[in-house]
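Input: a single structure, listed below in C-alpha coordinates.
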Amino acid sequence: MRRSAVLRLWTAVFVVAFGTNVPTPLLLVYRDLLGLSSDALTGAFGVYAAGLVPALLLAGPASDRFGRRPVVVPFVVLSIVTSLLFLGASGSVVLLFVGRFLQGAVSGVVFSVGTAWLGELIGESARAARLTTAALGGGWAIGPLVSGLMAQWLPLPTVLPYLVHVVLMVVGLVLLPSVPETLAPADRRRGKIVDLGVPPGARTAFALVVLPVAIGVFTFPSTAVTVLPLLLTPSMPEIAVAITGLVAGVTLLTGVFAQPLGRRIGYVAAGPTGLAIGAVGFGLALVGVGTGAWPLLVPVALLLGVGYGLCLAAGLTMVGELASPTARGALTGTFYACAYLGFGVPLLLSVAGGAGGFTRPLAVLTVIVAVAAALLALPAARRLVRPAVPVDAR
(Lines give C-alpha, C1' and ligand atoms only; values in the text may rest on other atoms or scores of the structure.)
Protein backbone atom coordinates (compact mmCIF):
# COMPACT_ATOMS: atom_id res chain seq x y z
CA MET A 1 0.00 0.00 0.00
CA ARG A 2 2.76 2.43 0.93
CA ARG A 3 4.71 1.70 -2.26
CA SER A 4 1.57 2.38 -4.32
CA ALA A 5 0.99 5.63 -2.43
CA VAL A 6 4.57 6.72 -3.14
CA LEU A 7 4.06 6.06 -6.86
CA ARG A 8 0.82 8.07 -6.95
CA LEU A 9 2.28 11.04 -5.13
CA TRP A 10 5.48 10.80 -7.20
CA THR A 11 3.37 11.01 -10.37
CA ALA A 12 1.50 14.10 -9.16
CA VAL A 13 4.77 15.87 -8.30
CA PHE A 14 6.22 14.83 -11.68
CA VAL A 15 3.37 16.29 -13.75
CA VAL A 16 3.44 19.58 -11.81
CA ALA A 17 7.19 19.76 -12.48
CA PHE A 18 6.52 18.97 -16.15
CA GLY A 19 4.31 22.06 -16.44
CA THR A 20 6.79 24.32 -14.70
CA ASN A 21 9.15 24.34 -17.67
CA VAL A 22 6.69 24.09 -20.54
CA PRO A 23 7.04 27.89 -21.17
CA THR A 24 10.86 27.83 -21.06
CA PRO A 25 11.66 27.19 -24.76
CA LEU A 26 8.54 29.14 -25.73
CA LEU A 27 10.10 32.33 -24.33
CA LEU A 28 11.88 32.76 -27.66
CA VAL A 29 8.48 32.53 -29.37
CA TYR A 30 6.99 35.06 -26.94
CA ARG A 31 9.96 37.34 -27.56
CA ASP A 32 9.08 37.55 -31.25
CA LEU A 33 5.31 37.71 -30.76
CA LEU A 34 5.38 40.31 -28.00
CA GLY A 35 8.58 42.18 -28.91
CA LEU A 36 10.29 41.47 -25.58
CA SER A 37 13.74 42.88 -24.75
CA SER A 38 16.42 40.73 -23.12
CA ASP A 39 15.59 42.22 -19.72
CA ALA A 40 11.88 41.54 -20.21
CA LEU A 41 12.56 38.01 -21.42
CA THR A 42 14.76 37.11 -18.46
CA GLY A 43 12.29 38.94 -16.22
CA ALA A 44 9.45 36.74 -17.50
CA PHE A 45 11.57 33.73 -16.63
CA GLY A 46 12.61 35.11 -13.24
CA VAL A 47 9.17 36.32 -12.06
CA TYR A 48 8.52 32.63 -11.45
CA ALA A 49 10.75 32.96 -8.39
CA ALA A 50 8.74 35.96 -7.17
CA GLY A 51 5.70 33.72 -6.84
CA LEU A 52 7.64 30.74 -5.67
CA VAL A 53 9.75 32.02 -2.78
CA PRO A 54 6.86 33.39 -0.68
CA ALA A 55 4.86 30.23 -1.38
CA LEU A 56 7.77 28.11 -0.22
CA LEU A 57 8.15 30.02 3.01
CA LEU A 58 4.42 29.92 3.78
CA ALA A 59 3.51 26.43 2.54
CA GLY A 60 5.94 24.45 4.69
CA PRO A 61 4.77 25.82 8.04
CA ALA A 62 1.14 25.63 6.87
CA SER A 63 1.53 21.94 6.05
CA ASP A 64 3.22 21.32 9.40
CA ARG A 65 0.13 22.85 11.01
CA PHE A 66 -2.74 21.56 8.84
CA GLY A 67 -1.28 18.45 7.18
CA ARG A 68 0.23 17.73 3.77
CA ARG A 69 -2.88 16.92 1.74
CA PRO A 70 -4.99 20.06 2.50
CA VAL A 71 -2.10 22.24 1.31
CA VAL A 72 -1.04 20.30 -1.80
CA VAL A 73 -4.36 19.41 -3.48
CA PRO A 74 -5.67 22.98 -4.08
CA PHE A 75 -2.41 23.97 -5.72
CA VAL A 76 -2.45 20.94 -7.99
CA VAL A 77 -5.81 22.25 -9.20
CA LEU A 78 -4.27 25.72 -9.62
CA SER A 79 -1.57 24.17 -11.83
CA ILE A 80 -4.29 23.15 -14.29
CA VAL A 81 -5.86 26.61 -14.19
CA THR A 82 -2.48 28.24 -14.79
CA SER A 83 -1.76 26.20 -17.92
CA LEU A 84 -5.18 27.19 -19.27
CA LEU A 85 -4.33 30.83 -18.51
CA PHE A 86 -1.18 30.53 -20.63
CA LEU A 87 -3.34 29.89 -23.70
CA GLY A 88 -3.83 33.65 -23.95
CA ALA A 89 -0.24 34.65 -23.14
CA SER A 90 0.85 34.88 -26.79
CA GLY A 91 -1.15 38.11 -27.08
CA SER A 92 -0.54 39.62 -23.65
CA VAL A 93 2.64 40.42 -21.73
CA VAL A 94 0.54 40.73 -18.58
CA LEU A 95 -0.83 37.19 -18.93
CA LEU A 96 2.68 35.87 -19.57
CA PHE A 97 3.99 37.42 -16.35
CA VAL A 98 0.89 36.47 -14.33
CA GLY A 99 1.11 32.90 -15.59
CA ARG A 100 4.75 32.61 -14.64
CA PHE A 101 4.04 34.12 -11.21
CA LEU A 102 1.25 31.60 -10.58
CA GLN A 103 3.48 28.76 -11.78
CA GLY A 104 5.96 29.85 -9.14
CA ALA A 105 3.31 29.80 -6.43
CA VAL A 106 2.14 26.33 -7.49
CA SER A 107 5.68 25.02 -7.59
CA GLY A 108 6.57 26.53 -4.23
CA VAL A 109 3.74 24.69 -2.53
CA VAL A 110 3.79 21.37 -4.37
CA PHE A 111 7.55 20.93 -4.48
CA SER A 112 8.23 21.79 -0.83
CA VAL A 113 5.24 20.09 0.77
CA GLY A 114 5.26 17.26 -1.76
CA THR A 115 8.91 16.61 -0.97
CA ALA A 116 8.17 16.45 2.76
CA TRP A 117 5.15 14.22 2.07
CA LEU A 118 7.20 11.85 -0.10
CA GLY A 119 9.96 11.78 2.50
CA GLU A 120 7.50 10.73 5.19
CA LEU A 121 5.96 8.04 2.98
CA ILE A 122 9.40 6.66 2.09
CA GLY A 123 10.97 7.00 5.53
CA GLU A 124 14.64 7.17 4.54
CA SER A 125 16.21 10.52 3.68
CA ALA A 126 18.78 9.47 1.06
CA ARG A 127 16.26 7.34 -0.87
CA ALA A 128 13.63 10.07 -0.56
CA ALA A 129 16.11 12.60 -1.97
CA ARG A 130 16.83 10.34 -4.96
CA LEU A 131 13.15 9.74 -5.74
CA THR A 132 12.27 13.40 -5.28
CA THR A 133 15.10 14.45 -7.58
CA ALA A 134 13.86 11.93 -10.16
CA ALA A 135 10.29 13.29 -9.99
CA LEU A 136 11.32 16.93 -10.11
CA GLY A 137 14.22 16.55 -12.50
CA GLY A 138 12.33 14.22 -14.82
CA GLY A 139 9.36 16.58 -15.02
CA TRP A 140 11.53 19.66 -15.40
CA ALA A 141 13.46 17.97 -18.23
CA ILE A 142 10.69 16.32 -20.23
CA GLY A 143 8.38 19.36 -20.08
CA PRO A 144 10.63 21.77 -22.02
CA LEU A 145 11.91 19.02 -24.32
CA VAL A 146 8.34 18.20 -25.41
CA SER A 147 7.21 21.82 -25.64
CA GLY A 148 10.33 22.89 -27.55
CA LEU A 149 9.92 20.18 -30.18
CA MET A 150 6.17 20.82 -30.48
CA ALA A 151 6.65 24.59 -30.77
CA GLN A 152 9.35 24.26 -33.41
CA TRP A 153 7.58 21.89 -35.78
CA LEU A 154 3.87 21.68 -34.92
CA PRO A 155 1.09 24.26 -35.35
CA LEU A 156 -0.22 26.34 -32.45
CA PRO A 157 3.16 26.50 -30.65
CA THR A 158 1.77 28.48 -27.70
CA VAL A 159 -1.32 26.29 -27.28
CA LEU A 160 -0.65 22.57 -27.81
CA PRO A 161 2.15 22.22 -25.18
CA TYR A 162 -0.15 23.57 -22.45
CA LEU A 163 -3.02 21.29 -23.46
CA VAL A 164 -0.69 18.30 -23.11
CA HIS A 165 0.14 19.44 -19.60
CA VAL A 166 -3.53 19.90 -18.69
CA VAL A 167 -4.24 16.28 -19.66
CA LEU A 168 -1.32 15.05 -17.54
CA MET A 169 -2.44 17.19 -14.60
CA VAL A 170 -5.93 15.69 -14.65
CA VAL A 171 -4.29 12.26 -14.26
CA GLY A 172 -2.17 13.51 -11.37
CA LEU A 173 -5.17 15.07 -9.67
CA VAL A 174 -7.16 11.84 -9.90
CA LEU A 175 -4.35 9.92 -8.19
CA LEU A 176 -3.92 12.24 -5.20
CA PRO A 177 -7.02 11.44 -3.09
CA SER A 178 -5.81 7.90 -2.39
CA VAL A 179 -2.44 9.07 -1.02
CA PRO A 180 -2.59 8.86 2.81
CA GLU A 181 -1.91 11.82 5.03
CA THR A 182 1.40 11.31 6.82
CA LEU A 183 1.25 13.99 9.51
CA ALA A 184 -1.09 12.84 12.25
CA PRO A 185 -3.12 15.54 14.07
CA ALA A 186 -1.16 14.89 17.26
CA ASP A 187 2.11 15.68 15.45
CA ARG A 188 0.94 18.94 13.92
CA ARG A 189 2.23 22.10 15.45
CA ARG A 190 1.00 25.63 15.77
CA GLY A 191 3.75 28.09 15.23
CA LYS A 192 4.75 31.13 13.23
CA ILE A 193 3.11 31.83 9.90
CA VAL A 194 6.61 32.03 8.43
CA ASP A 195 9.03 29.55 9.96
CA LEU A 196 12.35 28.72 8.34
CA GLY A 197 12.51 25.46 10.26
CA VAL A 198 16.29 25.61 10.79
CA PRO A 199 17.19 23.97 14.13
CA PRO A 200 19.29 26.28 16.37
CA GLY A 201 22.25 23.90 16.34
CA ALA A 202 22.28 23.71 12.53
CA ARG A 203 22.14 27.39 11.65
CA THR A 204 25.85 27.74 10.92
CA ALA A 205 25.91 24.61 8.78
CA PHE A 206 22.83 25.74 6.86
CA ALA A 207 24.12 29.28 6.25
CA LEU A 208 27.68 28.37 5.27
CA VAL A 209 27.19 25.05 3.45
CA VAL A 210 23.57 24.30 2.56
CA LEU A 211 22.77 27.85 1.39
CA PRO A 212 25.48 28.17 -1.30
CA VAL A 213 24.78 24.63 -2.51
CA ALA A 214 21.07 25.49 -2.70
CA ILE A 215 21.65 28.65 -4.74
CA GLY A 216 23.79 26.63 -7.14
CA VAL A 217 20.93 24.21 -7.82
CA PHE A 218 18.94 26.42 -10.20
CA THR A 219 21.65 28.86 -11.18
CA PHE A 220 22.92 26.19 -13.58
CA PRO A 221 19.74 25.19 -15.46
CA SER A 222 18.24 28.71 -15.46
CA THR A 223 21.38 30.11 -17.09
CA ALA A 224 21.50 27.19 -19.52
CA VAL A 225 17.97 27.72 -20.81
CA THR A 226 17.84 31.52 -20.97
CA VAL A 227 21.23 33.22 -21.20
CA LEU A 228 23.03 30.70 -23.42
CA PRO A 229 20.30 30.39 -26.09
CA LEU A 230 20.02 34.19 -26.23
CA LEU A 231 23.77 34.47 -26.75
CA LEU A 232 23.83 31.84 -29.48
CA THR A 233 20.48 32.44 -31.22
CA PRO A 234 22.19 34.15 -34.21
CA SER A 235 24.12 30.91 -34.78
CA MET A 236 20.95 28.76 -34.68
CA PRO A 237 18.58 30.10 -37.35
CA GLU A 238 15.30 28.17 -37.67
CA ILE A 239 16.15 25.76 -34.82
CA ALA A 240 16.65 28.01 -31.78
CA VAL A 241 13.39 26.99 -30.06
CA ALA A 242 14.03 23.27 -30.50
CA ILE A 243 17.64 23.61 -29.35
CA THR A 244 16.53 25.57 -26.29
CA GLY A 245 14.11 22.78 -25.41
CA LEU A 246 16.85 20.22 -25.99
CA VAL A 247 19.31 22.10 -23.78
CA ALA A 248 16.71 22.38 -21.03
CA GLY A 249 15.85 18.70 -21.32
CA VAL A 250 19.46 17.51 -21.35
CA THR A 251 20.45 19.76 -18.45
CA LEU A 252 17.60 18.74 -16.19
CA LEU A 253 17.49 15.07 -17.13
CA THR A 254 21.24 14.77 -16.61
CA GLY A 255 20.62 15.95 -13.07
CA VAL A 256 18.49 12.88 -12.48
CA PHE A 257 21.14 10.50 -13.81
CA ALA A 258 23.81 12.19 -11.70
CA GLN A 259 22.39 10.53 -8.59
CA PRO A 260 24.64 7.41 -8.71
CA LEU A 261 27.65 9.72 -8.87
CA GLY A 262 26.37 11.52 -5.80
CA ARG A 263 26.07 8.26 -3.89
CA ARG A 264 29.56 7.19 -4.97
CA ILE A 265 31.36 10.33 -3.84
CA GLY A 266 29.12 10.89 -0.80
CA TYR A 267 26.67 13.71 -0.24
CA VAL A 268 29.06 15.72 1.91
CA ALA A 269 31.36 16.02 -1.12
CA ALA A 270 28.57 16.17 -3.70
CA GLY A 271 27.75 19.83 -3.07
CA PRO A 272 31.20 21.33 -3.75
CA THR A 273 31.75 18.83 -6.58
CA GLY A 274 28.50 19.94 -8.20
CA LEU A 275 29.52 23.58 -7.95
CA ALA A 276 32.93 22.83 -9.45
CA ILE A 277 31.45 20.92 -12.40
CA GLY A 278 28.96 23.74 -12.97
CA ALA A 279 31.84 26.24 -13.08
CA VAL A 280 33.53 24.11 -15.75
CA GLY A 281 30.26 24.10 -17.70
CA PHE A 282 30.09 27.89 -17.59
CA GLY A 283 33.70 28.07 -18.76
CA LEU A 284 32.94 25.85 -21.76
CA ALA A 285 29.85 27.96 -22.48
CA LEU A 286 32.06 31.04 -22.70
CA VAL A 287 34.20 29.23 -25.28
CA GLY A 288 31.05 28.43 -27.28
CA VAL A 289 29.89 32.04 -27.13
CA GLY A 290 33.30 33.32 -28.16
CA THR A 291 33.48 31.01 -31.17
CA GLY A 292 29.80 30.92 -32.09
CA ALA A 293 29.91 27.12 -31.84
CA TRP A 294 26.33 26.36 -30.74
CA PRO A 295 26.89 22.55 -30.72
CA LEU A 296 28.95 23.11 -27.57
CA LEU A 297 25.61 23.71 -25.85
CA VAL A 298 25.17 19.95 -25.61
CA PRO A 299 28.30 19.20 -23.52
CA VAL A 300 27.63 22.42 -21.59
CA ALA A 301 24.14 21.15 -20.80
CA LEU A 302 25.59 17.84 -19.61
CA LEU A 303 28.06 19.56 -17.27
CA LEU A 304 25.51 22.00 -15.89
CA GLY A 305 23.06 19.12 -15.46
CA VAL A 306 25.54 17.14 -13.38
CA GLY A 307 26.23 20.24 -11.29
CA TYR A 308 22.54 20.88 -10.72
CA GLY A 309 21.78 17.25 -9.88
CA LEU A 310 24.61 16.88 -7.37
CA CYS A 311 23.70 20.15 -5.64
CA LEU A 312 20.00 19.25 -5.44
CA ALA A 313 20.54 15.75 -4.09
CA ALA A 314 23.20 16.88 -1.62
CA GLY A 315 21.03 19.70 -0.36
CA LEU A 316 17.90 17.58 0.04
CA THR A 317 19.83 14.89 1.89
CA MET A 318 21.35 17.39 4.31
CA VAL A 319 17.94 18.99 4.87
CA GLY A 320 16.38 15.60 5.55
CA GLU A 321 18.98 14.95 8.23
CA LEU A 322 18.97 18.44 9.75
CA ALA A 323 15.19 18.84 10.05
CA SER A 324 13.20 17.92 13.12
CA PRO A 325 10.22 15.65 12.29
CA THR A 326 7.62 18.33 13.00
CA ALA A 327 9.41 21.04 10.96
CA ARG A 328 10.44 19.06 7.89
CA GLY A 329 8.00 20.93 5.69
CA ALA A 330 9.29 24.30 6.85
CA LEU A 331 12.97 23.47 6.36
CA THR A 332 12.32 21.84 2.98
CA GLY A 333 10.50 25.01 1.92
CA THR A 334 13.41 27.13 3.11
CA PHE A 335 15.86 25.03 1.10
CA TYR A 336 13.81 25.38 -2.07
CA ALA A 337 13.36 29.11 -1.46
CA CYS A 338 17.15 29.45 -1.39
CA ALA A 339 17.54 27.17 -4.40
CA TYR A 340 15.09 29.15 -6.50
CA LEU A 341 17.04 32.33 -5.95
CA GLY A 342 19.07 30.91 -8.82
CA PHE A 343 16.17 31.71 -11.14
CA GLY A 344 16.99 35.37 -10.65
CA VAL A 345 20.56 34.94 -11.91
CA PRO A 346 19.74 35.38 -15.65
CA LEU A 347 18.01 38.69 -14.92
CA LEU A 348 20.97 39.82 -12.81
CA LEU A 349 23.33 38.91 -15.65
CA SER A 350 21.17 40.84 -18.12
CA VAL A 351 21.02 43.95 -15.92
CA ALA A 352 24.72 43.76 -15.05
CA GLY A 353 25.71 43.33 -18.68
CA GLY A 354 23.52 46.15 -19.97
CA ALA A 355 24.37 47.12 -23.53
CA GLY A 356 27.53 45.05 -23.30
CA GLY A 357 25.59 41.79 -23.18
CA PHE A 358 25.87 38.69 -21.03
CA THR A 359 29.43 37.58 -21.69
CA ARG A 360 31.38 39.55 -19.06
CA PRO A 361 28.87 38.95 -16.22
CA LEU A 362 28.85 35.25 -17.11
CA ALA A 363 32.64 35.17 -16.79
CA VAL A 364 32.39 36.81 -13.34
CA LEU A 365 29.74 34.26 -12.31
CA THR A 366 32.04 31.45 -13.40
CA VAL A 367 34.78 32.69 -11.08
CA ILE A 368 32.35 33.13 -8.15
CA VAL A 369 31.03 29.58 -8.50
CA ALA A 370 34.55 28.14 -8.74
CA VAL A 371 35.64 29.99 -5.58
CA ALA A 372 32.54 28.78 -3.71
CA ALA A 373 33.30 25.19 -4.75
CA ALA A 374 36.87 25.50 -3.48
CA LEU A 375 35.77 26.93 -0.12
CA LEU A 376 33.12 24.25 0.47
CA ALA A 377 35.67 21.53 -0.31
CA LEU A 378 37.81 22.64 2.64
CA PRO A 379 37.88 20.27 5.65
CA ALA A 380 36.39 22.94 7.93
CA ALA A 381 33.30 23.25 5.71
CA ARG A 382 32.88 19.48 5.48
CA ARG A 383 33.06 19.10 9.24
CA LEU A 384 30.11 21.47 9.64
CA VAL A 385 27.72 19.09 7.89
CA ARG A 386 29.37 15.69 8.29
CA PRO A 387 27.84 14.95 11.73
CA ALA A 388 24.38 15.65 10.29
CA VAL A 389 24.68 13.06 7.51
CA PRO A 390 24.44 9.38 8.47
CA VAL A 391 27.16 6.95 7.51
CA ASP A 392 25.01 5.07 4.97
CA ALA A 393 24.27 8.32 3.07
CA ARG A 394 27.93 9.08 2.68
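Projected onto the charge dipole of the chain (+1 at Lys/Arg Cβ, -1 at Asp/Glu Cβ, origin at the Cα centre), which of L78, A276, I243 gives the Cα projection farthest towards the positive end? About the Cα centre, the residue reaching furthest to the positive side is A276. The simple Förster model, with R0 at 30 Å and r as the Cβ-Cβ distance, assigns V298 and E181 a FRET efficiency of 0.10. I need the calculated FRET efficiency for the pair T291 and A355, taking r as the beta carbon distance and R₀ as 22 Å, to the nearest 0.05. With a Förster radius of 22 Å, E is 0.50. Here the Kirkwood formula puts the hydrodynamic radius of the chain at 20.6 Å, using every distinct Cα pair.
Accessible surface area normalised per residue over segment 1-154 is 31 Å², counting heavy atoms of protein chains with a 1.4 Å rolling probe. Candidates Y162, G290, C338 compared by Cα position along the dipole of the chain: farthest toward the positive end lies C338, with charges placed on Cβ.
Note on segment 17-139: with neighbouring protein chains present and a 1.4 Å probe, carbon and sulfur make up 70 percent of its accessible heavy-atom surface.
Legend: calculated FRET efficiency, V159 to T204, from the Cβ-Cβ distance at R0 = 56 Å, rounded to 0.05, equals 0.65. Hydrophobic, long helices, defined as DSSP H runs whose alpha-carbon span along the helix axis is 15 Å or greater and whose mean Kyte-Doolittle value is at least 1.0, occur in the chain at 68-85, 93-122, 160-175, 211-225, 240-257, 267-291, 297-322, 359-376.
If the label point is 7 Å along Cα→Cβ of I239, which residues in segment 280-298 have backbone nitrogen under 19 Å from it? Taking a point 7 Å out along Cα→Cβ of I239, the residues of segment 280-298 whose backbone N falls under 19 Å are 285, 288-298. Taking the protein heavy atoms of segment 217-364 in the context of the full set of protein chains, the accessible area attributed to carbon and sulfur is 72 percent at 1.4 Å.
The values are calculated or read from the model by the stated rules, or taken from the named source; none is laboratory data. Source: prediction; values computed, not measured. Here Cβ is always computed from backbone atoms with ideal geometry, including for glycine, and neighbour counts include all displayed protein chains. With ligands, DNA and RNA removed, areas are computed over all heavy atoms of the protein, side chains included. Shrake-Rupley method; radii C 1.70, N 1.55, O 1.52, S 1.80 Å.
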